[in-house]
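The values are calculated or read from the model by the stated rules, or taken from the named source; none is laboratory data. All values derive from a computational prediction rather than experimental measurement. Glycine gets a Cβ as well: all are built from the backbone with ideal geometry, and neighbour counts include every protein chain shown. Areas reflect the complete protein model, heavy atoms only, side chains present, ligands, DNA and RNA absent. Shrake-Rupley method; radii C 1.70, N 1.55, O 1.52, S 1.80 Å.
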Amino acid sequence: MADTHHLFDQFTAHPDMVELPGHSGEGTAWCPWHEDRTGGNPSMGINVNKLIVKCFVCGNGGTVELAKAWDISLDSDAKPRERAILRTHNYNNPDGTLRSQAVKFTDGSWIQRRPDPDNPDRWLWDMKGTQPVLYRLDELRPANQEEWVYIVEGERDVDRLRDLGLVSTTNPMGAGKWRAYFTKEFKGRKVAIIPDNDKPGFDHAAKIAASVHGIAETVKVLTLTGVPDK
């Protein structure tokens, strides 16, 4: 039987882990026992200090139960999954200084981190006290008001549109994470929203469109044809 602490090391390296535990020890992940992803917000809490696993929606939990659900070996000699960084995306303040960073790992998981104000060369792996901002906000604000702004789902898509010379942005942490205060950035602008080709993507696009309607000069949701799911 695996050591409990060793199992929690594997839990935090699992692709369904969304936010790694911060100072409180509490992280969040997609629950494997109900249709968690449809709501856009991970509901399972994983506390590495108290060694507790519990979903706050369906109520299921348990260390051994989660290991079985995620197909993690209970063998004490099992090695945790590798969790190397694949790429990062900087979220800047309006003046161009670094505010936070979205990190994607080779196992497909994501986490947000921020610079440690007391140690410039180190990171804090949480967003405590840091209000999220739109991706490439420092480029969005000074952009020509006559140019279309493309809102997509994901930083890499923003970068692709930027390489084409288009003004683009996205919100951090994916579908379902749009914040009402983002809306003011689109006042008087022409906005085109390109959703991911799945239900969460379409729902996310509809939420953004409703949010900026009446604030932006024009709002359009673009439905692309001939593209694969997601």
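Taking amide H as placed 1.01 Å from N in the peptide plane, the amide H of L124 sits under 5 Å from that of R114, D116, each at least 5 places away or on another chain.
Proximity of backbone amide H atoms, modeled 1.01 Å from N, is registered between S109 and no other residue at under 5 Å, excluding neighbours fewer than 5 places apart on the same chain.
For K128, the aspartates and glutamates whose Cα comes closer than 13 Å to its Cα, not counting residues fewer than 8 places off in the same chain, are E19, E26, D116. Taking each DSSP H run with n ≥ 4 as -39500 (n - 2.57) and averaging over every residue of the chain yields -5000 deg cm²/dmol at 222 nm. Mind running the shape call on the stretch 96-148? Use the C-alpha gyration tensor, a ≥ b ≥ c as the square roots of the eigenvalues: rounded below 1.5 for a/c, prolate if a/b tops b/c, oblate otherwise. The shape class here is oblate. Only one residue of V64, G45, L161 has its Cα farthest out toward the positive end of the dipole of the chain, where Lys and Arg carry +1 and Asp and Glu -1 on Cβ, and that residue is L161. By a straight-distance test (C-alpha under 18 Å), which lysines pair with K104 as possible cross-link partners, with residues fewer than eight away in the same chain excluded? Those lysines meeting the cut-off are K177, K230. Stretching the chain fully between I215 and N144 yields a gain of 23.9 nm (0.36 nm per residue, less the alpha carbon separation). The residues neighbouring V18, those whose beta-carbon lies less than 13 Å from its own, together hold a net charge of -3 under the Lys/Arg +1, Asp/Glu -1 convention.
Placing +1 on each Lys and Arg Cβ and -1 on each Asp and Glu Cβ, with no other charges, gives the chain a dipole about its Cα centre of roughly 620 debye. Taking amide H as placed 1.01 Å from N in the peptide plane, the amide H of V221 sits under 5 Å from that of I193, each at least 5 places away or on another chain. By the gyration tensor of its Cα atoms, with a ≥ b ≥ c the square roots of the eigenvalues, what is the shape of the chain: rounded for a/c under 1.5, prolate for a/b over b/c, or oblate? Here the chain falls in the prolate category. Label positions at S73 and D159, each projected 7 Å from the Cα along the C-beta direction, are separated by 3.4 nm.
Rolling a 1.4 Å probe over the protein heavy atoms of the chain, with every protein chain left in place, gives an accessible area that is 50 percent carbon and sulfur. Just how far, in whole angstrom, is the stretch 130-146 from the stretch 1-69 if you go by their alpha carbon centroids? Here the two parts' Cα centres lie 34 Å apart. Work out which helices of the chain, taken as complete DSSP H runs, extend at least 18 Å along their axis over the Cα atoms and score a mean Kyte-Doolittle of 0.5 or more, then list them. None clear 18 Å together with a mean of 0.5. In the chain, a dipole from Cβ-located charges (positive for Lys and Arg, negative for Asp and Glu) runs towards its positive end, and of Y91, S109, G27 it is Y91 whose Cα lies farthest in that direction.
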